[in-house]
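The next block holds one structure in the form of structure tokens; read it before the comments.
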Amino acid sequence: MTVVQNSGRQSDNSIGLIAISKHQGLFRHNPTINFEPGAGGAAVLPQLGVGATRLQRTPLIEQFTGHTAIISRVNGQIHFARGFVPNGIIGSLRAVIFGNNVNGQWQNDIGMIRDPTCISYEIPVTWEQADGFEQWFTINCIRLDRYQLRRSDGFDSFNCVIAAVTFLIDYLLRLDEGDYHGYVEQLVNIAGPGQGPLIRSIMGGF
């Protein structure tokens, strides 16, 4: 696990993303990961959830596709995490199996932090900005209501990656204090709308 819900440092205030990997392997997670010689790859593997069983993954449904959520950390504690998902079990099956455009909803994804593959991308902000992220989200989240897993366009339909990145960029651009354009540029340049490009960007430091 590479995300700590409580850092123990009151000075830690941030907003960002958490992401879990799609489960690769029949029972144990066995992704294809290439490390440069001497990079200490073997020591990093457990932190990436390599070898984790399906029953150790959380949430259980999202391990079949991977998942991304937005977060805020206030006084060292991640207290807010929301991810965009299909509405209900039937909607999930239609979206994942058939690729349909279905009704979407935001779910509480604090539990994702316990997933062995969970990683985070966090942007340091002021206490006020981190604390205000949840309230801003609550007001604006109704703007998104259509979910499409593979053919999301970021206008009429969204998957969890596009929804999370869109909301994070939008909030950063609205902040009056601080210059976050470098972070916005990193987020805009993610190579694709899927879970894989996002995780590679986070692991590679953009």
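The values are calculated or read from the model by the stated rules, or taken from the named source; none is laboratory data. Please read all numbers here as calculations on a predicted model, not as lab measurements. Positions of Cβ are generated from backbone atoms using ideal geometry, with glycine treated the same way; all protein chains shown enter the neighbour counts. With ligands, DNA and RNA removed, areas are computed over all heavy atoms of the protein, side chains included. Shrake-Rupley method; radii C 1.70, N 1.55, O 1.52, S 1.80 Å.
With each label modelled as a point 7 angstrom along the Cα→C-beta vector, the ASP179-GLN24 pair spans 3.8 nm.
Accessible surface area normalised per residue over the range 95-206 is 52 Å², counting heavy atoms of protein chains with a 1.4 Å rolling probe. Can you classify the chain as rounded, prolate or oblate using the Cα gyration tensor, where a ≥ b ≥ c are the square roots of its eigenvalues, rounded means a/c under 1.5, and otherwise it's prolate if a/b beats b/c and oblate if not? Because a/c hits 1.5 or more and a/b fails to exceed b/c, the chain counts as oblate.
For ASP109, the amide hydrogen comes within under 5 Å of the amide hydrogens of ALA81, ARG82, GLY83, counting only partners 5 or more places away or on other chains and with H modelled in the peptide plane. When the chain is described by a simple charge dipole with +1 on each Lys and Arg Cβ and -1 on each Asp and Glu Cβ, the residue from VAL165, GLN148, SER201 located farthest towards its positive end is GLN148. Could you please state how large a percent of the accessible area of the chain is carbon and sulfur, counting protein chains only and using a 1.4 Å probe? Answer for the chain: carbon and sulfur cover 54 percent of the accessible area.
Of the GluC sites (Glu not before Pro) in the range 124-200, the ones in a loop by DSSP (not H, G, I, E or B) with at most 15 other beta carbons within 10 Å are GLU177.
Magnitude of the charge dipole for the range 41-153, about its Cα centre and with charges confined to Cβ atoms of Lys, Arg (+1) and Asp, Glu (-1), is about 460 debye.
Largest accessible area first, the listed residues ASP145, ASP109 line up as ASP145, ASP109 when surface is computed with a 1.4 Å probe on the assembled protein chains.
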